[in-house]
Amino acid sequence: MLSAIRKSNPRMTSKKSIPATVISTWILYPRSASNPQRSLNALPSTGKICSKTMNETTVAPSILSSLVKASVSPTSTDANIVMPQLSTSTTMMAKEGLRCAARYAAIFFQTQKRHRPPRKSKYFCPYCHNALYRWKEQTPLTIYKCGNDHCPAFLKTLSKLNSSEKQLQKKKLSQFKLRYQYREYHFQPSSLKHSAPDKPKINLDRIHHRSDILGLVLAFHISCAITARKTAFILRNVFNVPISYQTVLNYAESAAYHCHLFNLQRKGPIDPISSADETYIKIRGKHHFVFFFISTKSLKITAYHLVDNRDVLPATIAMTEAIRTASLDQKLTVITDGNPSYAAAIHFLNALRAPLPPLTHHKVIGLQNLDEESTEFRLYKQIIERLNRTYKSHVRPTHGFNLRNGAMALTTLFVTHYNFLRPHMTLNYNVPIPLPELDSITSLQGKWMKILSMAIPSAA
């Protein structure tokens, strides 16, 4: 038998050249009638099969006892183990090889169940209750996905595909979202700040003109949607007030700084149904967007957020401000278009409002009613579209803005005019937020000055 080993491996020229690992491997891999060279073919090329990291106690005791008996007896009754006549030195080498074989056999014979640490899954699929795995990780969010092929949600979505879509799904898998996904957003409270005008350099208490002139500037420039140049022209030639268009803009920016806090503090509770949309304006030739939220019954603007994109974070900031004054047990419904940022924002806010009633979301898609949801809630979507047209009528005469603060100032003063000064026909020509302090004032410029006198202490 040893000569057969030497013939299979020419480098072995004597008994002493046979390593213990060869003997232990030869014992561990017995020969069979169909493959007499099985033990030789199973030998690793390096001849190193022992590992110190293996556990000897995991080897079956019956296997170890049979190996030991075979190593000390010339013949063995076990037909599966073939053992040659070995000398004393070779027997010692075989015993040493058995220790190596004990470690090596742990790979093939496992008597104890492998210990696995408990799962630390954060989220589970609500349909099949399987753990979600981390699919994508970005700066603002982490996306978890359900990988179960038998998930009811996956099978239901897959069954809705037609034959052509199924063929396309095999080629372009990323174009189809068939599995359940959960988005974990990493927004910090410090990042959820509503946009606001910058602090002005001009103090309204120390302007060179009288307070009624400031009221006329806001009445013409904001309420009547007249440009700053035309407002200055009217004041110079009709009221004989020497004023420049830059002064008009400075007055508007200073008034907007104080009116912003006044708008947020005086908006009051919101209606159960709110409508949301975004419209664009141009600042230095680039598109910026204003997110508006309006209560569908009282018709008051509850949030206005100016940003340079339409991502999830701006939608979340505007929605957070819109529902800030809602009661704790109030059930809220938000009507939007197909922009996915709103759905993601609602998903994020519902996670924060865990004990409170969740926000309900309904989407109105396109200009035609092609589904039941759009047919039912299109009336509320038209309210926010009408608000966008009113806002555009005030922005369009400016032909764009040179600075972001100028756009934010005009947007803030427009909300003040819309909520507190502009009568609505659907409200029997009442304002959305009536103020008792303005009931006795008849002129528009007088109402503006009263609002500023109420807003300046709140800003301080």
For Gln175 and Asp371, compute 0.36 nm times the residue count separating them, minus their Cα-Cα distance, and round to one decimal in nm. 68.3 nm
Those trypsin sites (Lys or Arg not before Pro) from segment 189-235 that are DSSP loop and have at most 16 other Cβ neighbours within 10 Å turn out to be Lys193, Lys201, Arg210
Provide the convex hull volume over Cα atoms per residue for segment 336-460, in Å³. 207 Å³
Over segment 263-459, what is the relative contact order in whole percent, taking alpha-carbon pairs under 8 Å and six or more residues apart? 20 percent
The answer for the net charge of residues other than Asn250 whose Cβ lies under 15 angstrom from its Cβ, with Lys and Arg +1 and Asp and Glu -1, is +1
For Gln265 and His287 in one chain, what is 0.36 nm times their gap in residues minus the Cα-Cα distance, to one decimal in nm? 5.0 nm
If Lys and Arg each add +1 and Asp and Glu each add -1, what is the summed charge of the other residues whose beta carbon sits under 12 Å from the beta carbon of Arg386? +1
Taking only the alpha-carbon positions of segment 196-259 and ignoring solvent, what does the Debye formula give for the base-10 log of I(q)/I(0) at q = 0.14, 0.24 Å⁻¹? -0.35, -1.03
Rank Tyr185, Gln175, Cys146 by how far each Cα sits towards the positive end of the charge dipole of segment 133-186 (+1 on Lys, Arg Cβ; -1 on Asp, Glu Cβ) and give me just the farthest. Gln175
Going by a ≥ b ≥ c, the root eigenvalues of the Cα gyration tensor, does segment 150-288 fall in the rounded group (a/c under 1.5), the prolate group (a/b larger than b/c) or the oblate group? prolate
With both partners inside segment 263-459, how many of the DSSP beta bridges are antiparallel, as a percent to the nearest 5? 70 percent
Excluding Gly446 itself, calculate the net charge of residues whose Cβ lies under 14 Å from the Cβ of Gly446, where each Lys or Arg counts +1 and each Asp or Glu counts -1. 0
Take the cross-link list Lys177/Lys300; Lys392/Lys450; Lys282/Lys363 and give me the ones stretching past 31 Å between alpha-carbons. Lys177/Lys300
Rounded, prolate or oblate: pick one for segment 133-186, where a ≥ b ≥ c are the square roots of the eigenvalues of its C-alpha gyration tensor, a/c under 1.5 means rounded, and failing that, prolate if a/b is larger than b/c, else oblate. prolate
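Bear in mind these aren't lab numbers, they're just calculated from the coordinates by the rules spelled out. Predicted model only: the values in this text are computed from it and were never measured. Cβ: placed from backbone, ideal geometry, glycine included. Neighbour counts: every protein chain shown.
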